Amino acid sequence: MPSIRQFRTALTAARLGSFAATGRQVGLTQAAVSLQIKTLETELGAPLFERQAQAVVPTPQGQAVLKQLEELVAAYDRLLSHAGGELRGSVRMGALVSSLMGGFGNVLARIKRDFPALEIKLLAGQSGDFAARVASGELDAAIVTEPPNGPDPGMVWTPLYEETLVLVVPARLRRRSARALLATEPFLQFDRSLWTGRLVDHAIAQLGATPNVTLELNSVEAIAELVRQGYGVAVLPLLANADWRQSRQLAVKALPGRPVIRRVGMLERRHHGKKPLTEAVCSLFVQSAR
């Protein structure tokens, strides 16, 4: 009798196009994956995959079967996620480090308190890196900034909260204007190869400023700490749980002109087995916002 586990293995193989990559993701050897798929094909009486030298490709018949298997797995996960009237299960998520200091950190604390049977396995990192890992199925979802060019086909990004970009400066410079500080003080630039860095670049261009970049980093927290130590000034998203306004070493200044907003949301595949759990996490954000 085929099992849900075999269904998941087959769906992962279809998504990754490789039994070896599937094994690495589900924790099996390539031989074990191949055996599971072969057993499933025998049970269903249909070849699901065409084996090639370096890849596997669903057969026309396999595509139809895999679509039905995806529906069965999704229905099972929906049933499992609310078994006993309690939200339960496990979801693998990526998260920006800065999001843990923002709105997502607050929601995580609430989930741990109110839904002890729901386990969220977190991996910290960068938005661009997470997009590929979500697409491959390595992660069920990720909390990332809004993709600059929109989500890729087959993916969906759900906005959760917003953060305004501000100028963070050493407290001793609090009385000087933002424009003067950007023109004269050393500037700590958020990595321009990353999504947040592109947004910071947009904010600076909107002001017509040409700051003297002395250092480029990929961490909001590290940049804020260097500003605290007097190394320069920086344009950063104002994190919900950051203590910058209360700090004696820092001052937060609004940028002139139209506010530039960093939007943070959940990126996931349009269809995946953990959809009931990611939908529940999104709904908790909505409730917290209210």
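Here the translational diffusion coefficient of the stretch 156-290 follows from Stokes-Einstein with Rh set to the Kirkwood radius across Cα pairs; for 37 °C and 0.692 mPa s it amounts to 204 µm²/s. Only one residue of GLY23, SER3, LEU122 has its Cα farthest out toward the positive end of the dipole of the chain, where Lys and Arg carry +1 and Asp and Glu -1 on Cβ, and that residue is LEU122. Measuring max minus min along each principal axis, the C-alpha atoms of the chain give extents of 76, 46, 30 Å (largest first). Neighbour counts of C-beta atoms inside 10 Å place ILE4, ILE143 in the sequence ILE4, ILE143, starting with the fewest. Gain on full extension, evaluated as 0.36 nm per residue between GLN61 and SER219 minus their Cα-Cα distance, stands at 52.1 nm.
Applying the Kirkwood pairwise sum to the alpha-carbon positions of the stretch 24-153 produces a hydrodynamic radius of 17.7 angstrom. Sequence-ordered 3J(HN,Hα) estimates for the stretch 127-134 from the Karplus curve with 6.51, -1.76 and 1.60 and θ = phi - 60° stand at 4, x, 5, 5, 4, 5, 6, 6 Hz, glycine and proline given as x.
Each principal axis of the Cα cloud of the stretch 4-81 was evaluated for its coordinate range; sorted largest first, these ranges are 38, 27, 19 Å. Listed values for the stretch 163-174 are Karplus-derived 3J(HN,Hα) couplings in whole Hz (6.51 cos²θ - 1.76 cosθ + 1.60, θ = phi - 60°), namely 9, 7, 6, 9, 9, 9, 9, x, 4, 5, 9, 4, and x replaces Gly and Pro.
Using C-alpha pairs under 8 Å with a sequence gap of at least 6, the mean separation divided by the residue count of the stretch 162-262 gives a relative contact order of 50 percent. Sorted fewest first by neighbouring Cβ atoms within 10 angstrom, MET155, MET266 come out as MET155, MET266. Please report how far the C-alpha centroid of the stretch 227-290 lies from that of the stretch 130-187, rounded to the nearest whole angstrom. One Cα centre to the other: 8 Å. Annotation: amide H-H contacts under 5 Å for GLY125 (H modelled 1.01 Å from N, sequence separation of 5 or more, or interchain): ALA95, LEU96, VAL97. By the count of other C-beta atoms within 10 Å, a proxy for reagent exposure, ARG263, ARG15 are ordered fewest to most as ARG263, ARG15.
Taking amide H atoms as placed 1.01 Å from N in the peptide plane, the amide H of LEU139 lies under 5 Å from those of VAL134, each 5 or more residues away in sequence or on another chain. Short-range pairs are left out: with C-alpha atoms under 8 Å and at least six residues apart, the relative contact order of the chain is 22 percent. Remark on LEU160: its backbone amide H falls under 5 Å from those of VAL264, GLY265, MET266, a criterion applied only to residues 5 or more positions apart or on other chains, H modelled at 1.01 Å from N.
Read the figures in this text as sums done on the coordinates, not as results from a lab. If you're wondering where the values come from, they're calculated on a predicted model, not measured in any experiment. Backbone-built Cβ (ideal geometry, glycine too); neighbour counts: all protein chains shown.
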